[in-house]
Amino acid sequence: MLHPVETARLARGWSQTELARRAGVTRQLVGTVETGRHAPRVDAALALARALDAPVEELFAPGPAPAPELVMLEPQVDEGTPVTGVRVGDRLVCAPLPAARGAETVLPWWGVADGVTTADGVRWHPGTRQDGLLVAGCDPALGLLAGLLARRSGHALVPVHASSAAAAASLAAGSIHAALVHGTPGSLPRPGGAVRRHHLARWQVGLAGPVGHAAPTPARIAERGLHVVQREAGAGTQAAFQRAMAAGGATVPGGPVARSHREAVTRVLHGAAAAVTMEPAALSAGLSFTPLEEHHVEIWVAEQHAEHPAALALVELLSTADLIRRLAAIPGYEVTGPAPGGARDRTGAA
């Protein structure tokens with residue numbers, strides 16, 4: 001597409017040299033302006049506009065912004081997959097909505113998709129907003145935060161499921177605005193960049209067992225050779241299970257891998273002997289539970305996104321009595337007591 005200056009010049013039959021002479025600028029400046037490599041100073045822009053007898057706004061109005069780079073949080077996404085899309089810096093990050101995977105999982109989450117994947121990208125639904133706060137983590141409380149944030153401020157929090165390690169890695173890569181991570185104070189992943197840390201809650205991680213039966217201990221798992229539904233490498237719950245087995249001198253047993261706490265407890269409801277998960281997920285499904293470690297849960301906001309309007313609203317939400325009451329009402333969530341060392345408490349104080 002021709003630059004408006006070039007279009008106007010050619011309409012008059014002038015060469016670049018002639019336009020430069022009439023405007024009192026160099027031919028080189030005319031050339032760089034027409035190729036888009038140079039935005040002239042105000043005086044040069046006005047001189048070109050006078051020479052061409054055209055409004056300066058018409059010649060130098062900014063063109064459409066370049067399309068942002070499209071990034072998929074999951075490398076392999078089938079065509080036709082519903083996705084959400086959020087602008088993160090100069091990138092448009094897409095994440096597939098959670099879906100059922102196999103007979104052992106619960107129904108898909110019919111969330112609000114922004115579009116569907118196609119062979120060459122994403123087909124966006126009309127009216128889609130892409131100005132939300134993209135937060136990755138494994139705690140189902142992200143859904144509660146999203147609902148309260150929208151109700152209180154009108155801002156959108158878009159949760160994406162990821163283990164603590166994967167969420168921290170995505171934050172370091174600049175693919176998300178914030179990450180929810182959990183672990184013992186000494187086992188949290190490294191931020192990988194400047195972040196603002198905010199305490200959310202504490203809960204136990206451990207082993208969920210069938211309804212009406214005691215959940216197995218690591219010693220019993222080793223003694224009986226039980227298969228256990230486990231979590232992916234990098235999940236804080238999986239690391240806790242591995243530490244517990246190693247402390248007893250036992251090796252980690254075999255077993256299927258669940259992609260979420262929801263899938264882990266669903267597999268136990270369908271007959272699995274045990275699953276590695278968080279206590280709130282086990283209790284919400286009516287399962288028995290053997291605790292292994294208490295984990296602190298934090299939300300890390302990347303420093304470069306700390307002033308994002310939705311991030312500011314989220315930090316404000318974390319300090320409200322309304323949120324604390326709602327978290328405390330969920331079995332297994334502990335919201336009293338000080339924040340872990342190094343994290344900010346709910347008032348934002350270091």
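Per-structure values
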{"read-out": "Among (1) farther than 30 Å from Leu70 by Cα; (2) among the aliphatic types (A, V, I, L, M); (3) in contact with a helix residue (DSSP H, G or I) (Cβ under 8 Å, 6 or more places away or on another chain), the one test that Ala239 misses", "value": "(3)"}
{"read-out": "Residue identified as more than 19 Å from the chain's Cα centre (by Cα), modelled with pLDDT of 90 or more and either farther than 30 Å from Ala136 by Cβ or of a type outside the set (Val, Ile, Thr) (or both) among Val42, Val5, Val33", "value": "Val5"}
{"read-out": "Residue within region 177-189 that is more than 15 Å from Leu292 (Cα to Cα) and among the β-branched types (Val, Ile, Thr) present", "value": "yes"}
{"read-out": "Whichever residue in region 237-296 is modelled with pLDDT of 95 or more and hydroxyl-bearing (Ser, Thr, Tyr) and, among such residues, is surrounded by the fewest Cβ atoms within 10 Å (Cβ to Cβ)", "value": "Ser288"}
{"read-out": "Qualifying residues in region 19-57 (those that are part of a loop (DSSP other than H, G, I, E, B) and among the polar types (S, T, N, Q)) - the one surrounded by the most Cβ atoms within 10 Å (Cβ to Cβ)", "value": "Thr26"}
{"read-out": "Residue match in region 140-156 (condition: of a type outside the set (Ser, Thr, Tyr) and within 15 Å of Ala302 (Cα to Cα))", "value": "no"}
{"read-out": "Verdict on Val77 being in contact with a Ser or Thr (Cβ under 7 Å, 6 or more places away or on another chain), modelled with pLDDT under 80 and not in a strand (DSSP E or B)", "value": "no"}
{"read-out": "Residue within region 112-119 that is at pLDDT below 85 and more than 27 Å from Val135 (Cβ to Cβ) present", "value": "no"}
{"read-out": "Selected residue (only one of Val88, Val106 is assigned by TED's automatic domain parsing to the domain that holds Leu171, at pLDDT 90 or above and not hydroxyl-bearing (Ser, Thr, Tyr))", "value": "Val88"}
{"read-out": "Long-range neighbours under 7 Å by Cβ, at least six apart or interchain, first residue farther than 12 Å from Pro82 by Cβ within region 113-129, second aliphatic (A, V, I, L, M) and not in a strand (DSSP E or B)", "value": "Arg129/Ala156"}
{"read-out": "Test for Arg151: is it within 20 Å of Leu312 (Cβ to Cβ) and surrounded by fewer than 22 Cβ atoms within 10 Å (Cβ to Cβ)", "value": "yes"}
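Residue-wise test of (1) touching a Gly at 6+ places or on another chain (Cβ under 9 Å); (2) among the aromatic types (Phe, Trp, Tyr); (3) in a helix (DSSP H, G or I).
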site	(1), (2), (3)
Leu207	no, no, no
Val211	yes, no, no
Ala222	yes, no, yes
Leu226	yes, no, no
Ala233	no, no, no
Ala239	yes, no, yes
Ala244	yes, no, yes
Thr251	no, no, no
Gly255	no, no, no
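Here is a yes/no grid of residues against (1) charged (D, E, K, R); (2) closer than 30 Å to Ala313 by Cα; (3) modelled with pLDDT of 95 or more; (4) surrounded by fewer than 17 Cβ atoms within 10 Å (Cβ to Cβ):
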| position | (1), (2), (3), (4) |
| --- | --- |
| Ala166 | no, yes, no, no |
| Arg196 | yes, yes, yes, no |
| Glu223 | yes, no, no, yes |
| Val229 | no, no, yes, no |
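The values are calculated or read from the model by the stated rules, or taken from the named source; none is laboratory data. On a predicted model such as this, the values are computed, not experimentally measured, just so you know. No Cβ is skipped: glycine too gets one built from the backbone with ideal geometry, and neighbour counts run over all protein chains shown.
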